[in-house]
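Derivation of every value follows stated rules applied to the coordinates shown; laboratory data play no part. Fair warning: this is a prediction, and the values are worked out from it, not measured in the lab. Counting neighbours? That spans all protein chains shown, and the Cβs are built from the backbone with ideal geometry, glycine included.
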Amino acid sequence: MSCTVRIASPLRSYTAGAATLAARGSTLAEVLANLEQRCPGIRFRMIDEHERIRPHMRLFVNTSEARELSAVVRDGDTVHVICALSGG
Amino acid sequence: MAGTLWIGTRKGLFALRADGARRDWKLAGPQFLGHIIHHVVQDPRAPRVLLLAAKTGHLGPTVFRSTDRGRSWREAARPPAFRPVNDGEEARAVQRVFWLTPGHHTQAATWYAGSSPAGLFRSTDGGEHWEPLAGFNDHPMRPKWAALGTPDGEFLHSILVDPRDPRHLYIAISVGGVFESTDAGSDWTPLNEGCAADFLPDPSVPFGHDPHCMVQHPARPERLYQQNHCGIYRLDRPQRRWQRIGKAMPKKVGDIGFPIVLHPTDPDTAWVLPMDGQSVWPRTSVGGRPAVYGTRDGGASWRRMDRGLPRSQAWFTVLRQAMCADTHARPGVYFGTTGGEVWASTNGGEGWRCVARHLPEIYSVTHAA
């Protein structure tokens, strides 16, 4: 499956500034693994050591928020990596 | 060359560089703008190498490494992280890498990191890959040792490596206490006898104390100093009972603070920066009149050192990593405030001047030769 990943600005140091990337995978976990292969280090900034999405990160598949990495990603979907508004 | 002061702030990394006389200071940066920088530490075994502990408001914690004195940085391939858990186990995740310590001089690529929640990590390849230190993180007593925490979790800090023996380690936990290992971190023992814990129902507990900062003198490694939530202490090993040397501080000032800094060669000389620990704990300079206090006799007596500091209405807070000394024969002493000012003394604390202001909230001030 091929999808588009939209990258929030705090993570673009890992993507050479790219705001969108194409990625492969049929679940969010597979998409992030594919992303990690090309952008080493990016996954751990979003996902902790127990496979939990970090508290200030939000992941959407199209317009639905994904709470688990097992969320299904279909061909042509857009995965949004969003940094929750927080702090000062 | 006077070296560099690395200033880690809530919003990025700055460098203050002085001329040889330490008169003129030039501010450079920011690097990592928007990152929370908890600690920046030079490797005394390889002075071109620096490690930096960072995160952002959104992104997870990590470590960056420089091999060119901070000109460029590369992220660790495997940052500090707890091991995967089994069913029913508490799944702790590193919220922040809070502390970095270079390993023993005979172990050139070893580094230690402390985290919040309280975790201990080791790298044996210069900070590129980090492993959890099971001897502490999985110690059966660890949940009890670090049970009380702080609103931001417990902080593991002040990782000390005995220069005489790489297997001899100390750590401190806020809140949890001081712990010692004599087997390279495989096992740990509380070392808090003599320290007050007047915030606990039972102040005579063997652990659960709140060390804010602990230091070991490089020239006399058996000597430890500690700035604790409940006073200033000294311990000369092999003794096990801390002595409250803060009792010699003026009563109106008290002996509460975050940092404690040692003279590079004289084990009897140390500096602290007292804060108001009364009533609701404002944690600001006492009475709005900031002062460093210095001892030259191992804490038997203390002297106020405030020449050049504001005389009134200055409500400094100086965090535990935000005060340091350099290695000159007449050492420079430096501190950064949460209000974004850096103050410097180039005569062992006798006189002070502000060398940077308008910076973000300062978390860490360290000297790099």
Item to check | Projected-area mean, region B:275-336, by convex hull of Cα positions, square nanometres | outcome: 5.3 nm²
Next on the checklist: Whole angstrom only: what separates the Cα centroid of region B:270-325 from the Cα centroid of region B:122-168?
Outcome noted: 29 Å
Next on the checklist: Taking the Cα centroid of region B:330-369 and of region B:5-23, what is the distance between the two, rounded to the nearest whole Å?
Outcome noted: 9 Å
Checklist entry - What residue among A:His56, A:Leu32, A:Leu69 has its Cα farthest toward the positive end of the dipole of region A:2-83, where the charges are +1 on Lys, Arg and -1 on Asp, Glu, each on the Cβ? => result A:His56
Next on the checklist: With equal scatterers on the alpha carbons only and no solvent term, can you work out the Debye log10 of I(q)/I(0) for the protein assembly as shown at 0.07, 0.11, 0.13 1/Å?
Outcome noted: -0.36, -0.87, -1.18
Checklist entry - Can you give the helix-only mean residue ellipticity at 222 nm for chain A, where every DSSP H stretch with n ≥ 4 adds -39500 (n - 2.57) and the sum goes over all residues, rounded to the nearest 500 deg cm²/dmol? => result -5000 deg cm²/dmol
Next on the checklist: Just to be sure I understand the model, the point goes 7 Å from the Cα along the line to the Cβ. What's the resulting A:Thr15 to B:Val85 distance in nm?
Outcome noted: 3.1 nm
Item to check | Alpha-carbon radius of gyration plus Dmax, which is the widest Cα pair, for region B:1-54 in Å | outcome: 11.8, 32
Item to check | Unit Cα scatterers, Debye sum, region A:2-83: log10 I(q)/I(0) for q = 0.15, 0.19 Å⁻¹ | outcome: -0.43, -0.73
Checklist entry - For region B:219-264, what mean projected area does the convex hull of the alpha carbons give, in nm²? => result 3.6 nm²
Next on the checklist: For chain B, set up a GNM with springs between Cα atoms under 10 Å and report which of B:Phe199, B:Phe136, B:Phe155 has the largest fluctuation.
Outcome noted: B:Phe199
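Could you tell me what fraction of 2.2 N^0.38 Å the Cα radius of gyration of region B:113-224 comes to, as a two-decimal ratio?
Values: Rg = 13.7 Å, N = 112, 2.2 N^0.38 = 13.2 Å.
Normalised Rg, Cα atoms only: 1.04.
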Next on the checklist: Loop-only trypsin sites (Lys or Arg not before Pro) in region A:1-77, please: DSSP not H, G, I, E or B, and at most 16 other Cβ atoms within 10 Å.
Outcome noted: A:Arg12, A:Arg52, A:Arg67, A:Arg74
Next on the checklist: Relative contact order of chain B, please, whole-number percent, based on alpha carbon pairs below 8 angstrom and at least 6 residues apart.
Outcome noted: 12 percent
Checklist entry - How high is the relative contact order of region A:1-61, given as a whole-number percent (alpha carbon pairs under 8 Å, six or more residues apart)? => result 24 percent
Checklist outcome for this item: When all Cα-Cα pair distances of chain B are considered, the percent exceeding 37 Å is 12 percent
Checklist entry - Within straight cross-link reach of B:Lys55, meaning Cα distance under 23 Å, which lysines are found once same-chain residues fewer than 8 apart are removed? => result B:Lys11
Checklist outcome for this item: Low-density loop trypsin sites (Lys or Arg not before Pro), region B:265-335, at most 10 other Cβ within 10 Å, DSSP non-H/G/I/E/B, are B:Arg311
Next on the checklist: Loop only by DSSP, 10 or fewer other Cβ within 10 Å of the Cβ. Give me the trypsin sites (Lys or Arg not before Pro) in region B:200-268 that pass, ordered by residue number.
Outcome noted: B:Lys251, B:Lys252
Checklist entry - At 222 nm, what helix-only mean residue ellipticity would chain B give, in deg cm²/dmol to the nearest 500, using -39500 (n - 2.57) for each DSSP H run of four or more? => result -500 deg cm²/dmol
Checklist entry - Residue-wise, which Karplus ³J(HN,Hα) couplings in Hz belong to region A:56-72, taking 6.51 cos²θ - 1.76 cosθ + 1.60, θ = phi - 60°, and x for glycine or proline? => result 9, 10, 9, 10, 10, 9, 6, 9, 9, 6, 9, 8, 10, 6, 7, 4, 6
Checklist outcome for this item: re region B:297-369: pairs of Cα atoms spaced beyond 16 Å account for a percent value of 52 percent
Item to check | Per-residue ³J(HN,Hα) for region B:17-24, Karplus 6.51 cos²θ - 1.76 cosθ + 1.60, θ = phi - 60°, Hz, x for Gly and Pro | outcome: 10, 10, 6, x, 8, 6, 8, 9
Item to check | region A:23-88 versus region B:174-242: alpha-carbon centroid distance in Å | outcome: 42 Å
Checklist entry - Given charges of +1 on the Cβ of Lys and Arg and -1 on the Cβ of Asp and Glu, with all other atoms neutral, how large is the dipole of chain B about its Cα centre, in debye to the nearest 20? => result 1260 debye
Item to check | Against the rule of thumb 2.2 N^0.38 Å, how large the Cα Rg of region B:133-320 comes out | outcome: 1.02
Checklist outcome for this item: Placing each pseudo-label 7 Å from Cα in the direction of the beta carbon, B:Arg353 and B:Arg164 end up separated by a distance in nanometres of 4.2 nm
Checklist entry - Using alpha-carbon pairs under 8 Å, 6+ residues apart, how would you state the relative contact order of region B:213-283 in percent? => result 27 percent
Next on the checklist: Under 37 °C and 0.692 mPa s, how fast does region B:93-163 diffuse according to Stokes-Einstein, given a Kirkwood radius computed over C-alpha pairs? Answer in µm²/s, whole number.
Outcome noted: 261 µm²/s
Next on the checklist: What whole-number volume per residue, in cubic angstrom, does the convex hull of the C-alpha atoms of region B:38-148 give?
Outcome noted: 114 Å³
